[in-house]
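Worksheet: one structure, shown below.
The values are calculated or read from the model by the stated rules, or taken from the named source; none is laboratory data. The structure presented is a predicted model; accordingly, all values stated were derived computationally and were not measured. Every residue, glycine among them, receives a Cβ derived from its backbone with ideal geometry; neighbour counts consider all protein chains shown. Protein only, heavy atoms only, side chains kept; ligands, DNA and RNA dropped before computing areas. Shrake-Rupley method; radii C 1.70, N 1.55, O 1.52, S 1.80 Å.
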Amino acid sequence: TYRIYDFDRIDENGKKRELHLQDSADVIDFGKEVEIKNTDFDDSNNGKNILRKHIVKKEYYSIDRIKFINSFEDVNNESMTIYSILEGTGKIVWRENEELSIKKGETILIPVGINTKTIGNFEILRTII
């Protein structure tokens, strides 16, 4: 993994972490065409509390854009899941009484075997690896 940009993070010695600009430039395929996908929701879920749009589905990962009102239950038995919160505030609950407040801009990693219920009105990117 090469670090192109690191948000000015500081290492344990108080210095900015090293960037790998030349190494990155050596392996990036600058000639590759960019594939632009439509990430807008379609009307197929009209009237439901959950809208879902598949953005990427590859062999090792998938990304969905999900918008829901009130709550979203997620079963997570085969892979870890990552939620990137695009809009909203509320909480995520797992097991019977463990919960965490979440809001726009945050990212949550959910380990394998943890089923969750997200409560609130949210728009998220859901990545399964």
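For residue 110, neighbours were defined as the other residues whose beta-carbon sits under 15 Å from its Cβ, and their charges (Lys and Arg +1, Asp and Glu -1) total -3. Counting Lys and Arg as +1 and Asp and Glu as -1 over every other residue whose Cβ lies under 13 Å from the Cβ of residue 98, the net charge comes to +1.
Sorted by average packing, counted as other Cβ atoms within 10 angstrom per residue and highest first, what order do 59-70, 92-103, 15-26 take? Could the numbers behind the result be given before it?
Numbers: 59-70: 14.5, 92-103: 12.9, 15-26: 11.2.
Going by the mean number of other Cβ atoms within 10 Å, highest first, we get 59-70, 92-103, 15-26.
Rolling a 1.4 Å probe over the heavy atoms of the protein chains gives segment 70-129 an accessible area of 58 Å² per residue.
Legend: calculated FRET efficiency, residue 101 to residue 76, from the Cβ-Cβ distance at R0 = 30 Å, rounded to 0.05, equals 0.90. In this Cβ point-charge picture (+1 for Lys and Arg, -1 for Asp and Glu), the chain has a dipole of about 320 debye about its Cα centre.
If I stretch the segment between residue 60 and residue 125 completely, what's the gain in nm (0.36 nm per residue apart, minus their alpha carbon distance), one decimal?
Numbers: separation 65, 0.36 × 65 = 23.40 nm, distance 1.64 nm.
Roughly 21.8 nm would be gained on extension.
Pairs of alpha-carbon atoms within less than 8 angstrom and 6+ residues apart define the contacts here; what relative contact order does the chain have, in percent? Result for the chain is 23 percent.
Surface composition of the chain: carbon and sulfur atoms hold 49% of the protein heavy-atom accessible area at a 1.4 Å probe.
Among [x] 107; [y] 161; [z] 141, find the value of volume of the Cα convex hull per residue in Å³ that was calculated from the structure presented, and write down its label. Among [x] 107; [y] 161; [z] 141, the one derived from this structure is [y]. Seen from residue 123, the other residues with C-beta closer than 9 Å to its C-beta sum to a net charge of +2, counting Lys and Arg as +1 and Asp and Glu as -1.
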